[in-house]
Amino acid sequence: MKAKDYVGLEKEYGAHNYHPLPVVISKAKGVWVWDVEGKKYMDMLSSYSAVNQGHLNDRIVKAAVDQMKKVTLTSRAFSNDRMGPFLRKLCQISGMDMALPMNTGAEAVETSIKMARRYAHQKMGIPEGKGEIIVCENNFHGRTTTIISFSSDPDSKKGFGPFTPGFVTIPYNDIEAFKKAINKNTIGILVEPIQGEAGINIPSPGFLKELRRICSEKHILLMLDEIQTGFCRTGKMFCFQYEGVKPDVLMVGKALGGGLYPVSAALASREIMGVFTPGSHGSTFGGNPLACAIGEESLNVLIDEKLADRSSRMGEYFVKRLREIKSDRIKDIRSKGLLIGVEFRLKPGETVRPICEKLMEKGVLAKDTHEKTIRFAPPLVITEDEIDWAMDRIKPVFENT
């Protein structure tokens, strides 16, 4: 079948909740993917940073195949020999005490919200049903009913109400607004160290450190969503490490599954995680032995291949090359490691999607976000030569847009 045939089948039998670029991928390796007709492309999205270790990393594939030959699913009705070692490594890497494994990033966020609420009721003296979690405008934490309840994206919310109460929204990167929003029922703040889906919004230096100081002073929780920014994407294992802070609750996912399998977790101190008791939360697939084997090897690859350092170096090189582009339409380039956003000046009604389509025609797969920004987030295994290959195609497209 041709690409148009696969697209047609997807349109006929699949829900229309995405608007993908018109490419049909059938093979992948490293930073490269191939469509059904054999054309080669460079992946500049990494499945929204879920493929930090590169497509089909040999070590992670081997770990998955080896585990598939033993046992893949036990449910949490029984223990398995893979979960304990995996959670120990995850806790050691993150500096947290305990972890609760789930599958998707949204599940990690939901788990964290439940955990924070129960902790607030049991330990902070906030009456049940009264607790409030402060969130930020233009956040993206997932698409479950509770999570979209505090989204500021109208497309995520239209027609899906009634919504879950208990959230207060403030502007991102606004410490004064955070201080004013705190009251006797405040549980804490849920925030992304960098807002990826909002267009790579990077807060002012010291933002996280000041959030940490205020949360400690007010005895409320600092809850960090590192699902997209974690696992070396921004040049450190976790983005919060740039400011030397430690969250009370940490959410991880995406690259934890090495691009092979959905693996996520909510992490916290022993005291906070202690509010969960048997029957209070669960997941049939969460912590399954296949997920744990993949997750543990995904972490090993990040460490052994020094992908945090690589992300920092390649990110600097990539941005340097992007700044060589001569175009009045480029408004801003924002970056941290290999999480890069190029914002364009647009006329009313314009979006950057046509630019992404031109890049696709040249062999570079990148994605628009919030209509005016193109995100570049390739697998962290990318080399300077591969960045140069991409720039030979990106530069003329941007300069002739």
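The values are calculated or read from the model by the stated rules, or taken from the named source; none is laboratory data. Nothing here was measured: the structure is a model prediction, and the numbers come from that model. Using ideal geometry, Cβ is built from the backbone for each residue, glycine included, and neighbour counts are taken over all protein chains shown.
See the values below:
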item: Qualifying residue in region 35-42 (condition: free of Cβ contacts under 8 Å to residues at least 24 places away in the same chain and at negative phi); result: no
item: Among the residues listed as ASP304, ASP248, the single one being charged (D, E, K, R) and either under 26 Å from ASN139 (Cβ atoms) or touching a residue at least 40 places away in the same chain (Cβ under 8 Å) (or both); result: ASP248
item: Subset tally (residues that are under 20 Å from the mean Cα position of the chain (by Cα) and more than 18 Å from ASN139 (Cβ to Cβ)) for region 193-208; result: 0
item: From the options LEU45, LEU73, residue that is outside the structural domain of THR234 (by TED's automatic domain parsing), out of contact with any Gly (no Cβ under 8 Å at 6 or more places or on another chain) and not polar (S, T, N, Q); result: LEU45
item: Of all residues making up region 122-171, the number that are in a loop (DSSP other than H, G, I, E, B) and not acidic (Asp, Glu); result: 28
item: Selection within region 208-222 - of a type outside the set (A, V, I, L, M) and touching a helix residue (DSSP H, G or I) at 6+ places or on another chain (Cβ under 7 Å); result: LYS209, GLU210
item: Set LEU190, LEU222, LEU211: member being buried (at least 22 other Cβ atoms within 10 Å of the Cβ), farther than 25 Å from ARG143 by Cα, aliphatic (A, V, I, L, M) and touching a residue at least 24 places away in the same chain (Cβ under 8 Å); result: LEU211
item: Some residue of region 105-121 being touching a residue at least 40 places away in the same chain (Cβ under 8 Å) and part of a loop (DSSP other than H, G, I, E, B); result: no
item: Unmet criterion (only one of (1) in contact (Cβ under 8 Å) with a residue 60 or more places away in the chain; (2) in contact with an Asp or Glu (Cβ under 8 Å, 6 or more places away or on another chain); (3) crowded, with 16+ Cβ neighbours inside 10 Å) for ALA28; result: (1)
item: Per-region count, region 337-359, residues surrounded by fewer than 19 Cβ atoms within 10 Å (Cβ to Cβ) and within 24 Å of the chain's Cα centre (by Cα); result: 3
item: Residue list for region 195-208, restricted to those being buried (at least 20 other Cβ atoms within 10 Å of the Cβ) and part of a helix (DSSP H, G or I); result: LEU208
item: For GLY38: the one exception among (1) surrounded by 12 or more Cβ atoms within 10 Å (Cβ to Cβ); (2) over 26 Å from the mean Cα position of the chain (by Cα); (3) of a type outside the set (Lys, Arg); result: (1)
item: Given (1) buried (at least 24 other Cβ atoms within 10 Å of the Cβ); (2) of a type outside the set (A, V, I, L, M); (3) in the same structural domain as LYS70 (by TED's automatic domain parsing), index of the condition SER311 fails; result: (3)
item: Residue in region 52-66 that is more than 26 Å from ALA377 (Cα to Cα) and touching a residue at least 60 places away in the same chain (Cβ under 8 Å) present; result: yes
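Table: residues versus (1) at pLDDT 95 or above; (2) of a type outside the set (Ser, Thr, Tyr); (3) under 21 Å from VAL51 (Cβ atoms).
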residue: LYS2; (1), (2), (3): no, yes, no
residue: LEU9; (1), (2), (3): yes, yes, no
residue: LYS27; (1), (2), (3): yes, yes, yes
residue: TRP32; (1), (2), (3): yes, yes, yes
residue: TYR41; (1), (2), (3): yes, no, yes
